[in-house]
Amino acid sequence: MNLKSLAEDDRPREKFLLKGKSAVSDSELLAIIMGSGNREESAVELARRILNSVENNWHRLSQLSIKDLMKFKGVGEAKAISIATALEIGNRKSQQEVLERQQISSSKDVFEVLQPHLSDLSTEEFWAVFLNHQNKILYKTCLFRGGIASSVADVRVIFKLALEHFSTRIIVAHNHPAGSLKPSKEDINITQKIKDAGKLLDIDLLDHLILTQNNYYSFKDEGIL
């Protein structure tokens, strides 16, 4: 019996997707790792029996060897290795410190984040920095290459990424390889388009920077935004 043969409400993978990881029990998590049970037991039932053997303690389960795990009917070498691998990932995760996200508090902070990416380019690139409500960076990426005029029709791409990363604030930036910091008409137009689109989704455009090799222009600092 495999996961697909279970009743809809009992499928761990579907439950994980529909209700979230916190709604999945320990035995269901282990069932997802194994993928299938044996002829007499579903994956969940097999997982429940394995966990009962170690008093439902993940630490004790992690102490079992591959051979120990393979003593359970339906657990071959591949499943045993999958279980041991998942437990080892959890062990390594617990030993690592949570990385603190970088917080943006000024246009200079943005310049320092993006300068390594944009300062020495010979062509124009348009970047976006996606932030949470505390102005901490969630994600940053290059969106367009080859000129800002060509990016005007793709404002939707910016907000698609913002929604995917649960961002509530964004900062955009692009470089001027020729060295001028003066915003063009296209620069001003795209800034307004992004700002207006953000209002509909409650996603704030905090700033738009133009970068050269050693300097930058901030729409916010200059009172344009």
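The values are calculated or read from the model by the stated rules, or taken from the named source; none is laboratory data. Treat the numbers as computed from the prediction; the structure is a model and nothing was measured. No Cβ is skipped: glycine too gets one built from the backbone with ideal geometry, and neighbour counts run over all protein chains shown. These area figures cover heavy atoms from the full protein model, side chains too; ligands, DNA and RNA do not enter into them. Shrake-Rupley method; radii C 1.70, N 1.55, O 1.52, S 1.80 Å.
Within the stretch 19-65, report the trypsin sites (Lys or Arg not before Pro) that DSSP leaves as loop and that have at most 10 other Cβ atoms within 10 Å. Walk me through the intermediate numbers first.
Details: sites: K19, K21, R39, R48, R49, R60; in loops: R39.
Listed in order of number, the matching sites are R39.
Return the percentage of antiparallel bridges among DSSP beta bridges fully within the stretch 107-218, rounded to the nearest 5 %.
Details: 16 of 23 bridges.
The antiparallel fraction comes to roughly 70 percent.
V113 accessible area, nearest 10 Å², 1.4 Å probe?
20 Å²
Taking H as built 1.01 Å from N, whose amide H comes closer than 5 Å to the amide H of N175, not counting residues under 5 places away?
The list, which skips near neighbours in sequence, is E125, L211.
Which order do E41, E112 take by accessible area at a 1.4 Å probe, largest first?
Numbers: E41 35, E112 100 Å².
Ranked from most to least accessible, the order is E112, E41.
Hey, can you find the accessible area per residue of the stretch 107-218 for me, probe 1.4 Å, expressed in square angstrom?
On the way: 5600 Å² over 112 residues.
Per-residue value: 50 Å².
Label-point separation (nm) for M70 and A178, each offset 7 Å from Cα along Cα-to-Cβ?
Taking the simple label geometry, M70 and A178 are separated by 7.0 nm.
Kindly sort E55, E45 by accessible area of their heavy atoms, largest first, with the probe set to 1.4 Å.
Details: E55 140, E45 85 Å².
Ranking E55, E45 by accessible area, largest first, yields E55, E45.
Could you list log10 I(q)/I(0) for the stretch 8-95 at q = 0.17, 0.18 Å⁻¹, which the Debye formula gives when each Cα is one point scatterer?
Those come out to -0.68, -0.76, one per q.
With all pairs of different alpha carbon atoms counted, what Kirkwood hydrodynamic radius in Å does the chain show? Intermediate results must be reported in sequence, preceding the final value.
On the way: mean 1/r = 0.0471 Å⁻¹.
Computed over the chain, the radius equals 21.3 Å.
Could you work out what % of the accessible surface of the stretch 8-95 is carbon and sulfur, using a 1.4 angstrom probe and leaving DNA, RNA and ligands out of the count? Kindly include the intermediate steps, with their values, before the conclusion.
Numbers: 2850 of 5710 Å².
Percent of accessible area from carbon and sulfur atoms in the stretch 8-95: 50.
Per the Cauchy relation, a quarter of the hull surface: what is the mean projected area of the convex hull of the alpha carbons in the stretch 52-142, in nm²?
Working: hull surface 42.3 nm².
Answer in nm², one decimal: 10.6.
Per 0.36 nm of contour for each residue apart, how much would the distance between K160 and T141 grow if the chain were fully extended, relative to their Cα-Cα spacing?
Working: separation 19, 0.36 × 19 = 6.84 nm, distance 1.28 nm.
Residue separation times 0.36 nm, minus the Cα-Cα distance, leaves 5.6 nm.
Can you tell me the 0 to 90 degree angle between the C-alpha axis of helix 107-118 and the longest principal axis of the chain, rounded to 10?
80 degrees
What angle, in degrees between 0 and 90 and rounded to the nearest 10, separates the Cα long axis of helix 185-201 from the longest principal axis of the Cα atoms of the chain?
So the helix axis and the longest Cα principal axis differ by about 40 degrees.
Could you give the accessible area per residue of the stretch 8-95, probe 1.4 Å, as a whole number in Å²? Each step should come with its number before you reach the end.
Numbers: 5710 Å² over 88 residues.
So the stretch 8-95 comes to 65 Å² accessible per residue, rounded to a whole number.
So for the stretch 107-218, considering every pair of alpha-carbon atoms, how many percent are separated by more than 17 Å? Please list the in-between numbers first.
Details: 3008 of 6216 pairs.
Of all Cα-Cα pairs in the stretch 107-218, 48 percent lie more than 17 Å apart.
Once the Cβ-Cβ distance between Q134 and L29 is put in as r, and R0 is 25 Å, what FRET efficiency do you end up with, to the nearest 0.05? Write down the numbers at each step before the final one.
Numbers: r = 31 Å, r/R0 = 1.24.
After rounding to 0.05, the efficiency reads 0.20.
For the pair I81 and Q102, how long in nm is the line joining their label points, each one 7 Å along Cα→Cβ?
So the two model labels end up 3.9 nm from each other.
Carbon and sulfur together cover what percent of the accessible area of the stretch 140-225 at a 1.4 Å probe radius? Don't jump to the answer; show the numbers that get you there.
Values: 2330 of 4630 Å².
Here carbon and sulfur together make up 50 percent of the probe-accessible area.
Working out 0.36 nm times the residue gap between S36 and I224, then minus their Cα-Cα distance, what length gain in nm do you get to one decimal? List each step's numbers first, then the result.
Details: separation 188, 0.36 × 188 = 67.68 nm, distance 5.98 nm.
Difference between extended and current length: 61.7 nm.
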